[in-house]
Amino acid sequence: MKILIVDDEMLICESIKSDFQRMEHPWEYQVFTARSVSEAEKIYYQEEPQIVITDINMPGGSGLILVSEIHQDNPDCGILVLSAYDDFDYVRNAFTMGACDYILKPVAFSELERCVRTLAQKMADFGQDGSSSGFEKGPEPIYNIEDIVAYIQNHIGEKLSAADLAKRMAVSYSGFGKQFKACTGMSFSAYLLNCRMEYARKYLENPHMKIKQVAAKVGYRENPQHFSRDFTRQTGMSPREYRAKLLGKDCPRI
């Protein structure tokens, strides 16, 4: 299991890192440390840790912003927030942005171990599909095109098809297509492509995110080469060229 510890104080990072060596089965943990939000973002997108432990107050960027970004990127990532302040607003904001638990400094080994064990158990219980019930729930019904549009926005990285969404609305395939175009002014496929490319442009603003990761986040996990093709057709330049122009410099091949 990969762990990322984020704190601007090196001694705290090293102390927590050493705590993982004291836990049962320490060889199960691969621990990374970062001393700023920007460094943490770089390590996060490179290593994709399962658990992130981050301070709130750091120079150069709030840990809460990092919490929100990670939670949006991967809601299954377990996030523990550290703070020297036992303040209700800190706690509330941390949980609102996606934190799983809140630990006060100085960090007690027993408390850290408890939180890590709890998160690891939840991950083992629920797995990647988020269900331990032993059966698969049917898709939630969707009743109008406005809700379909919202669904697309919230599931842009998943496989989306007009046929599946028509079933969710309990309408025919052709009826769905007519309703969608009447509401949005575009065909479903054109709207989906535009939406994915819009999100891709946003993700490409982050120089730490690999092109392959961008492709996966906008629905091209299985065919990243198709992402480059579609992006080039849509914008007139490849994702790498777009990022280079956006940042005003030559970008590394990531």
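Summary of values
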read-out	value
Listed candidates [x] 52, 37, 36; [y] 48, 45, 37; [z] 61, 49, 36 - label of the one calculated as Cα extents along the principal axes in Å	[z]
Debye intensity ratio I(q)/I(0), log10, segment 144-230, q values 0.23 Å⁻¹ (C-alpha model)	-1.08
MET58 accessible area, assembled protein chains, probe 1.4 Å, Å²	20 Å²
Amide H contacts of PHE32 (H built 1.01 Å from N, under 5 Å, at least 5 apart or other chain)	ILE3, LEU4, ILE5
Solvent-accessible area per residue, Å², over segment 1-94 with all protein chains present [probe radius 1.4 Å]	49 Å²
The chain: calculated mean residue ellipticity at 222 nm from DSSP helix runs of at least 4, using -39500 (n - 2.57)	-16500 deg cm²/dmol
Residues of type lysines that LYS212 reaches as a straight line, Cα spacing below 27 Å, ignoring anything fewer than 8 places off in the same chain	LYS2, LYS42, LYS159, LYS202, LYS245, LYS249
Accessible surface of the chain [probe 1.4 Å, protein heavy atoms]: carbon and sulfur percent	51 percent
ARG243, ARG22, ARG229, ARG168, ranked by accessible area, largest first (probe 1.4 Å)	ARG22, ARG229, ARG168, ARG243
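The values are calculated or read from the model by the stated rules, or taken from the named source; none is laboratory data. Here the structure is a predicted model, which is why all the values come from computation and not from measurement. All accessible areas refer to the heavy atoms of the entire protein, side chains included, with ligands and DNA or RNA removed. Shrake-Rupley method; radii C 1.70, N 1.55, O 1.52, S 1.80 Å.
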